[in-house]
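Undergrad: Below you'll find the structure I mean.
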Amino acid sequence: MLRRKLAVSVLSFSLLMGSAAAMAKTVFIASDVHPADYPTTAAVIHMGEKLSAQTDGRLSIRMFPSGQMGDESTTLEKTRAGAIDILRVSMSPVGGILPQVSVFNMPFVFRDMDHQHKVLDGDVGTKLAQEISDSNLGLVFLGWMDAGSRSLITKKPVTTLDDLKGVKIRLQNNPIGLDTFKALGANPIVLPVGDVFASLQTGVIDAAENNEPTFDTENYVVAGTKYFDLTEHFMIPEVLAFSKRKWSKLSPEDQTLIMKLAKEAQAEERVLWADYVEKSKQRLQSQGVKFLPVDKKPFIEATAPVREKYGKQFSTLMQEIQNTK
């Protein structure tokens with residue numbers, strides 16, 4: 001009888017210890033509106049694999065891709081509330097709460113992607129990253145994510161301002177974007193992204209603007225567009241962040257490790273993005289798309305009033321960006 005009680009006690013203790021060990025494991029919920037193989041999503045998934053390996057499974061990340069947790073505005077609010085731990089989010093919803101990051105929404109604010117990386121990795125990027133963490137956004141900044149540059153997707157070549165005059169081009173309902181293309185002489189038309197293909201086919205619009213992967217995956221070639229005119233008018237980075245509510249509950253050691261792995265994810269995503277763009281470019285070229293260089297100087301000069309109108313409050317910051325070599 002005593003032996004049986006002892007065996008039961010040992011078994012109960014073992015179960016208790018196993019349960020305690022299981023409870024000690026933490027799975028961070030991550031969200032992205034993009035699919036699992038998209039550069040931003042893939043980089044965070046890989047970050048989770050490294051986190052699990054370096055903590056012997058004590059910490060891990062479970063990614064919910066393809067907008068499973070909602071659109072970007074929804075997931076931002078969920079992250080602020082602590083329902084999501086790790087979020088990749090575009091600049092627009094962040095700028096709605098923290099206006100100074102909207103400096104990146106200005107047309108032609110970056111000379112090229114190399115310039116953008118130098119800005120983000122330098123004093124300006126460090127300053128804005130700290131402001132994100134210190135603000136009432138409810139986020140702890142982890143890293144910057146590449147989203148490429150937006151150029152013109154057209155049926156006819158556009159290499160000068162004269163080529164763009166009167167061109168009906170699809171834009172998001174964004175004041176900066178609309179004023180940018182009005183300043184360039186185009187005729188911007190607001191349409192949801194789901195209507196772009198049919199509108200190109202039927203002639204409701206003559207052109208669109210986006211990055212190479214979107215041109216590729218949305219099959220705009222089939223809709224009649226044959227040119228990618230390299231204006232690179234917008235280069236807007238994205239943010240990888242952690243919920244501040246959850247961050248404060250982590251040990252300093254775990255915070256340091258996550259920060260380290262996030263910086264590695266930032267670097268990895270840049271490589272993944274460049275490869276993603278190159279593969280899209282190759283597919284587009286195989287379908288006859290021509291990539292046309294553009295003299296940006298007249299475009300930059302024409303949009304100076306837009307930067308003056310929307311960027312006045314960021315004038316010092318914009319000068320710091322321009323001074324970054």
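The values are calculated or read from the model by the stated rules, or taken from the named source; none is laboratory data. Predicted model only: the values in this text are computed from it and were never measured. Every residue, glycine as well, gets a Cβ built from its backbone with ideal geometry; the counts of neighbours run over all protein chains shown.
Undergrad: Being surrounded by fewer than 20 Cβ atoms within 10 Å (Cβ to Cβ), in a helix (DSSP H, G or I) and either hydroxyl-bearing (Ser, Thr, Tyr) or in contact (Cβ under 8 Å) with a residue 60 or more places away in the chain (or both) is the filter here, so list the residues in the range 38-61 that pass it.
TA: Residues satisfying the conditions are HIS46, LYS50, SER52, GLN54.
Undergrad: Hey, could you check the range 169-192 for residues that are of a type in the set (A, V, I, L, M) and free of Cβ contacts under 8 Å to residues at least 24 places away in the same chain and say which is surrounded by the most Cβ atoms within 10 Å (Cβ to Cβ)? Let's see the steps before the verdict.
TA: Going residue by residue through the range 169-192, those that are of a type in the set (A, V, I, L, M) are 169, 171, 176, 178, 183-184, 186, 189-191.
If we keep only those that are free of Cβ contacts under 8 Å to residues at least 24 places away in the same chain too, we end up with 178, 186, 189-191.
Working: LEU178: 17, ALA186: 24, ILE189: 17, VAL190: 11, LEU191: 19.
Among those that are of a type in the set (A, V, I, L, M) and free of Cβ contacts under 8 Å to residues at least 24 places away in the same chain, it is ALA186.
Undergrad: For the range 160-173, indicate whether the set of residues that are closer than 29 Å to THR324 by Cβ and not aliphatic (A, V, I, L, M) is non-empty. Quick ask: steps written out before the conclusion?
TA: First pass over the range 160-173, keeping only residues closer than 29 Å to THR324 by Cβ: 160-161, 164, 171-172.
Retained after the next criterion (residues that are not aliphatic (A, V, I, L, M)): 160, 172.
Scanning the range 160-173 turns up at least one residue that is closer than 29 Å to THR324 by Cβ and not aliphatic (A, V, I, L, M).
Undergrad: With respect to SER149, determine if the residue is of a type in the set (S, T, N, Q), modelled with pLDDT of 95 or more and under 18 Å from VAL294 (Cα atoms).
TA: Numbers: of a type in the set (S, T, N, Q): yes; modelled with pLDDT of 95 or more: yes; under 18 Å from VAL294 (Cα atoms): yes.
It is true that SER149 is of a type in the set (S, T, N, Q), modelled with pLDDT of 95 or more and under 18 Å from VAL294 (Cα atoms).
Undergrad: Sticking with this one: Among the listed residues GLY82, GLY138, GLY125, GLY70, which satisfies the condition of being under 26 Å from ARG307 (Cα atoms) and not charged (D, E, K, R)?
TA: Numbers: GLY82 fails: under 26 Å from ARG307 (Cα atoms); GLY138 fails: under 26 Å from ARG307 (Cα atoms); GLY70 fails: under 26 Å from ARG307 (Cα atoms).
Just a single option satisfies the conditions, and that option is GLY125.
Undergrad: Go through the range 104-131 and report how many residues are under 19 Å from LEU142 (Cα atoms) and among the aliphatic types (A, V, I, L, M). First the steps, then the outcome.
TA: So in the range 104-131, the residues under 19 Å from LEU142 (Cα atoms) come out as 104, 116-131.
The next check asks that each one be among the aliphatic types (A, V, I, L, M); those that pass are 119-120, 124, 128-129.
Summing the residues that are under 19 Å from LEU142 (Cα atoms) and among the aliphatic types (A, V, I, L, M) in the range 104-131 gives 5.
Undergrad: Mind listing whichever residues of the range 247-285 are more than 22 Å from the chain's Cα centre (by Cα) and touching a residue at least 40 places away in the same chain (Cβ under 8 Å)?
TA: Of the range 247-285, the ones more than 22 Å from the chain's Cα centre (by Cα) are 248-257, 282-285.
Residues satisfying the conditions are ASP254, LEU257, ARG283, LEU284.
Undergrad: Consider the range 82-119. How many of its residues are touching a residue at least 24 places away in the same chain (Cβ under 8 Å) and part of a helix (DSSP H, G or I)?
TA: Applying the first criterion (touching a residue at least 24 places away in the same chain (Cβ under 8 Å)) to the range 82-119 yields 82-92, 94, 97-110, 112-113, 115-119.
From what's left, part of a helix (DSSP H, G or I): 91-92, 94, 99-105, 113, 115-119.
Number satisfying all stated conditions: 16.
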